[in-house]
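**Q** Here it is, the structure, as structure tokens.
The values are calculated or read from the model by the stated rules, or taken from the named source; none is laboratory data. This is a predicted model, so every value here is computed, not measured. Neighbour counts are summed over all protein chains in view; Cβ atoms, including those assigned to glycine, are modelled from backbone coordinates with ideal geometry.
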Amino acid sequence: MTRIERLRVEHYATALGIGTPSPRLSWTVGDAPDNWSQGAYEIEVSKSGQPHEAYSTKSNDSVLVPWPSVPLRSRETAQVRVRVQGTSEDWTPWVEITIETGLLRPEDWAAVPISNPPSSTDVTKPPFRLRKVFTVPEASHSRVRLYVTAYGLYEAYLNGQKIGEDIFAPGWTSYYARLPYQTYDLTNLVRPGENVFGAWIGEGWYAGNLGYHGGKRNIYGERIGLLAQLEIDGEIVAKTGEEGWEWSFGAILSSEIYHGEMYNATLPDTDFEQGDWHPAELLPAPSVPLVSSQSPPVRVVDTIKPKQIITTPSGKTIVDFGQNFGGLIRFLSDPSCADGEIVIRHAEVLEHDELGSRPIRYAKATETITLGTRSLVGYMPRFTFHGFRYAEITGWKGLELSDIEGVVLQSSMTRAGDFRCSHPLISRLHENCVWSTMANTISIPSDCPQRDERLGWTGDICVYAPTMSYLFDTSGFLSEWLVDLAHDQQRLDGIVPIFSPDTGTDVSTPEAIWGDAAVLTPYDLYTAHADVGVLETQYASVVSWLKDGVRRGRTGLWSKDQDQLGDWLAPKAPPETPNMGPTDNHLVADAWLIHSTKSASKIARAIGRGAEADAYQAEAQRLTDAFYAEYVTASGRLVSETQTALCLLLAYDIFPSQKYLNGSSKPNPAQYIRQLFAERLVNLVRKANWLVDTGFAGTPIVLQTLAQTGNIAHAYRMLQARECPSWLSCVLLGATTIWERWDSMLSDGTINPGEMTSFNHYALGSVASFMHNHIGGLTPLEPGWKRVSVKPQPGGTVTWAKTSHQSPYGKVSVSWEIAQEEIVVQIEVPPNTTAEVVLPGWEAGRSETVGSGKHSFRSKYVLPDFPPKVYTPHFAPIRPNEWVL
Ligand code: BGC
């Protein structure tokens, strides 16, 4: 029977403590008849002590539909139920969800932050514990809530039991602008009579050592502390700032994000009784708003069993987890130890059979654990994490594989997409993208999880956001991060910082691609989730980047005085100067500026600002003409003609106006140029022996551009290339994540000498988008996947592929297999959506629109010869002044 499957509130399945008074609702529909589309929906809202409300709407909207009732107040609960009707049949059964708001107004907070006495600002602050004993009346209570946050990080306990599963709460935001808080339901945890609330406080991102070149401490403040308010049925029963709170040091001597944890098991831990307890001190109240975080909390999302224990040539014991990941080691047994101390050093790779820790630079990534009489089973550090595959463990006698496990940490986004194909190395490459995404979504979208950075580099997510949104439900995670980006940008007068949250550099240089995240990432999110709200929220940031952030010259293109990071990490760039690749940096910057200006036009249009949309469109065309005057010769030659340069023009449709081309003798000059550029791209790719010549700017689009210009065979050949630089060369050298450099590991087993060498950076994994939308064949045609293109394009030696994506409307999937001169394609289209299907083997121009349900197609098809026939370059002479004025 047709039914509602996933009812969500502002993208989430549970809605406790939400921060918006008018939450939007979304649902998917399951078990529907084929070709089902929604004709109407009904929402009923019940709030305590108020008349029942019923709303009926004739609409096929099922994603982020507006809140029908009056705005909710702080702490208010609403019982919401939804049902829907197709265009003809009966209503589905009701599905219900409880919504409860958090503390929406500043005056709801009566708590004041508390801390221990100030410590030296030059060294790490030891984590400390806070406790408060409070009494719960015998009378029954229906609702106990904890609203809590910290200057720093906290881990809260009630009666010795950890509250919730969140790790690194409250998470990292631009603390200059806002401080997130969490809401926990303690109804079943409190007991009548005496209760002990306890919390560990660590310095985290707030006051810990952050940033490269030694970084800084106390970036957001010098004192760390806790802000907590515990309420029973709306009445405050305990709050920080009141009498009775005490602090004490305990077993965690230090716990720093980059450097790891020092732990002394002879001292008390979650025992909030033992220790020297002293009255807590008051800290100033937050000067920024407290906001309910919409980003999914960091949690343990997986565990990994170690694969082998290695004794190195120098006699060290190294555990290999078989997978590079972001997280920690957890003890499953009590260590037996000769001198009472275990030291664990983490690294991503081995170099010549020893731990390869040079790439983590200044970060120590070391745990030092002093044993006591207390059992350490379950021990895992609190306020640190590492990016690693290998752990060198010293001091643990007779260590066995079953003694420890790897704990994978990530902001707990729901997994949305998958891809697999007959080519095991391509499938492994895809898996590597997933692992790099996981390791780099620990509270913020980061560059890497291991060295002394782990920062929200804006360029990295700018090029990776479409891939990330295919793999995971990024709706809350990235929209929350974009709010911080906009705040940071405001502080920097329109300049988008090169990483956000900004760590107080206060001077940031405007950089194309990195700054373009302000425009392109909101649009990518809108494409993935149909959330117009994100565009509305970010619009000021979009406008401000293009108006005040971009440093322009006379023509409106980037000023040549502004240095650029360009096609960062293009393989031909020298190891120490990754911005000196073969493509002119300003050409790259200007192409992205045009791309951003066009996207700003689409954003303005989507939020109903038609005149501004037209203005951005006209501006994009003016900039394009200026671009051609600057970088394209009269005879159509391109300055620094590289894979990246040609892909940028072709993928972002950067072609001059008719006015500019008026002198051309060609009937369709833009089409003519496009064709020439496409041919020249193939020629360059062939000359490069199908090896990659792109960095951050060109990598997300190189295979897509080849495919879209009719050269899919060349795209496959590039994807299947095995020499360096290519994606599979890394896989063949044992990569289990995406590397920062094409040659992070050299073929002789030596780590790239560049001081910036990580083995877990997602940007070059943006190739996964090609796997989803060209090999698998799934692309959204309308925001939120309301209309989908299904167009698998087999090639290379791939004989089958399958991909799926959990879209806001439900699961959409394609799988295909070629056997015996026939291709069989299975498609699943979710209710309330349609797919435009174009299949291999169909005559040119044929396409079919299908509605929801499962569809199966067969057609005659043989894989074309592979590798593609060597292309004969088309050097057709271009007559001078043929297409310019
Ligand atoms: C980071 C990159 C980043 C770049 C830009 C690096 O150190 O790890 O991913 O985008 O710097 O300068």
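**Q** Which count do you get for residues in the range 805-853 that are part of a loop (DSSP other than H, G, I, E, B) and under 29 Å from the mean Cα position of the chain (by Cα)?
**A** 6
**Q** Suppose we filter A228, A177, A139 for residues that are in contact with a helix residue (DSSP H, G or I) (Cβ under 8 Å, 6 or more places away or on another chain) and not β-branched (V, I, T); which single one remains?
**A** Only one candidate passes the filter, namely A177.
**Q** Here is a further query. If you scan the range 458-506, which residues turn out to be within 16 Å of the ligand (Cβ to nearest atom), closer than 24 Å to N760 by Cβ and in a helix (DSSP H, G or I)?
**A** Matches in the range 458-506: T458, G459, D460, I461, C462, V463, Y464, A465, T467, M468, W481, L485.
**Q** With respect to the numbered conditions (1) among the β-branched types (V, I, T); (2) crowded, with 23+ Cβ neighbours inside 10 Å; (3) over 28 Å from the mean Cα position of the chain (by Cα), which one is the sole condition not fulfilled by T797?
**A** (2)
**Q** Which ones in the range 192-208 are in a loop (DSSP other than H, G, I, E, B) and surrounded by fewer than 21 Cβ atoms within 10 Å (Cβ to Cβ)?
**A** Within the range 192-208, P192 is the sole residue that qualifies.
**Q** Out of (1) over 25 Å from the mean Cα position of the chain (by Cα); (2) closer than 16 Å to N432 by Cβ, the odd one out for A707 is which?
**A** A707 satisfies all of (1) over 25 Å from the mean Cα position of the chain (by Cα); (2) closer than 16 Å to N432 by Cβ except (2).
**Q** Which condition from (1) away from the ligand (no atom under 16 Å from the Cβ); (2) surrounded by 24 or more Cβ atoms within 10 Å (Cβ to Cβ) is the one that N440 breaks?
**A** Against the list (1) away from the ligand (no atom under 16 Å from the Cβ); (2) surrounded by 24 or more Cβ atoms within 10 Å (Cβ to Cβ), N440 comes up short only on (1).
**Q** Take the conditions within 16 Å of the ligand (Cβ to nearest atom), of a type in the set (S, T, N, Q) and modelled with pLDDT of 95 or more and apply them to N432. Does it pass?
**A** Answer is no for this residue.
**Q** On the basis of being surrounded by fewer than 17 Cβ atoms within 10 Å (Cβ to Cβ), modelled with pLDDT under 95 and among the hydroxyl-bearing types (S, T, Y), does S48 make the cut?
**A** The answer is yes for S48.
**Q** Now for a separate question. Would you please name the residue that is farthest from the ligand (Cβ to nearest atom), looking only at residues in the range 755-787 that are out of contact with any Pro (no Cβ under 8 Å at 6 or more places or on another chain) and of a type in the set (S, T, Y)?
**A** So the residue we want is T779.
**Q** Also, I was wondering about something else. Which ones in the range 656-691 are part of a loop (DSSP other than H, G, I, E, B), surrounded by fewer than 21 Cβ atoms within 10 Å (Cβ to Cβ) and of a type in the set (A, V, I, L, M)?
**A** A688, L691, listed by residue number.
**Q** Got a number for residues in the range 825-845 being closer than 20 Å to G710 by Cα and at pLDDT 95 or above?
**A** 4
**Q** A further question follows. For the range 129-151, enumerate the residues that are within 24 Å of T101 (Cα to Cα) and in contact (Cβ under 8 Å) with a residue 12 or more places away in the chain.
**A** V136, H141, S142, R143, V144, R145, L146, Y147, V148, T149, A150, Y151
**Q** Need the failing condition index for S88 against (1) in a loop (DSSP other than H, G, I, E, B); (2) on the phi < 0 side of the Ramachandran plot; (3) within 34 Å of the chain's Cα centre (by Cα); (4) not aliphatic (A, V, I, L, M), just the number.
**A** Going through (1) in a loop (DSSP other than H, G, I, E, B); (2) on the phi < 0 side of the Ramachandran plot; (3) within 34 Å of the chain's Cα centre (by Cα); (4) not aliphatic (A, V, I, L, M) one by one, S88 breaks only (3).
**Q** Hand me the list of strands (runs of 3 or more DSSP E) wholly inside the range 244-314 holding 2 or more residues that are without any contact (Cβ under 8 Å) to a residue 24 or more places away in the chain and touching a Gly at 6+ places or on another chain (Cβ under 6 Å).
**A** Passing ranges: none, list empty.
**Q** Right, another one. So which pairs qualify, if the first residue must be in the range 568-597 and within 16 Å of Y628 (Cα to Cα), the second must be polar (S, T, N, Q), the Cβ gap must be under 6 Å, and the two must be at least 6 apart or on different chains?
**A** Note: pairs meeting the criteria are T583/S640; T583/T642; T583/T644; D584/S640; N585/Q564; A589/Q564; I594/T624.
**Q** Here's another thing I want to ask about it. Name every residue in the range 507-520 that is small (G, A, S) and either farther than 16 Å from K598 by Cα or more than 16 Å from the ligand (Cβ to nearest atom) (or both), in order of residue number.
**A** S508
**Q** A further question follows. Would you list the helices (runs of 4 or more DSSP H) that sit entirely within the range 521-638 and hold 2 or more residues that are farther than 28 Å from L492 by Cα and more than 16 Å from the ligand (Cβ to nearest atom)?
**A** Where helices (runs of 4 or more DSSP H) fall fully within the range 521-638 and carry at least 2 residues being farther than 28 Å from L492 by Cα and more than 16 Å from the ligand (Cβ to nearest atom), they are 610-631.
**Q** Test of understanding: among Y212, Y176, Y154, which residue is hydroxyl-bearing (S, T, Y), closer than 22 Å to P118 by Cα and either in a loop (DSSP other than H, G, I, E, B) or within 16 Å of the ligand (Cβ to nearest atom) (or both)?
**A** Only one candidate passes the filter, namely Y176.
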